[in-house]
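> Before anything else, here's the structure in question.
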Amino acid sequence: MKSCILLGLAIAAISGACNAAETARAVKPSEWRARPSGDMASRYYPDRAQRMEVGGQAVVDCRIGPEGKLEDCKVLSESPAEYGFGEAAIRLTKFMELAPPSEKDKRKGRMRRIIPVGFAVPRS
């Protein structure tokens, strides 16, 4: 069963998610350099959810490394719970890349991004 991944590009503000020295904001479409393909996402789709044909979503908070790789990712939320969408989203972050933080973002401590990750069961 192939599965798809949808990366959302906007999310409501989530308070208290990051360490005090850095603040997170939603990732902007223009920041993306690389995202996982649908085939890649299908390899990481949670087993239980795949067997039960359940779609879901997770929201992760990641630090942008100097080269744009995502680091220190944390699950902020996942829905529905107990299907493993949060862990799957974390595993997929190794295939995501953003533009490195600007000097302005570095000065203001905005090195973290909030990234919604959606998992959709394909229609037959």
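The values are calculated or read from the model by the stated rules, or taken from the named source; none is laboratory data. Note that the coordinates shown come from a computational prediction; the quantities given were computed from them, not determined experimentally. Note that we place each Cβ from the backbone using ideal geometry, even for glycine, and neighbour counts take in every protein chain shown. Just so you know, the surface numbers come from the protein's heavy atoms only, side chains and all, with ligands and any DNA or RNA stripped out. Shrake-Rupley method; radii C 1.70, N 1.55, O 1.52, S 1.80 Å.
> List the residues, sorted by chain then number, that are 5 or more residues from ALA26 or on another chain and whose placed amide H is less than 5 Å from its amide H.
ILE114
> Grab the other residues whose beta carbon is less than 13 angstrom from that of TYR83, score K and R as +1, D and E as -1, and report the net.
Taking every other residue near TYR83 into account, the sum is -3.
> Lysines near LYS94 by alpha-carbon distance under 18 Å, same-chain residues fewer than 8 away left out - which ones?
Straight-distance partners of LYS94: LYS69, LYS74.
> Let me ask something additional. Averaged per residue, what accessible surface does region 14-124 expose to a 1.4 Å probe, in Å²?
With the other protein chains kept in place, region 14-124 gives 54 Å² per residue.
> If you don't mind, another one. Roughly how much of GLU103 is accessible, in Å² to the nearest 10, using a 1.4 Å probe?
110
> In the neighborhood of ALA26, defined by Cβ-to-Cβ distances under 12 Å, what is the net charge if each Lys or Arg adds +1 and each Asp or Glu adds -1?
Overall, the nearby charge balance is +3.
> At a 1.4 Å probe, what is the % contribution of carbon and sulfur to the accessible area of region 47-124?
45
> For region 94-106, just list the computed ³J(HN,Hα) in residue order, Karplus coefficients 6.51, -1.76 and 1.60, θ = phi - 60°, integers in Hz, with x standing in for Gly and Pro.
5, 9, 9, 9, 10, 4, x, x, 6, 4, 4, 5, 4
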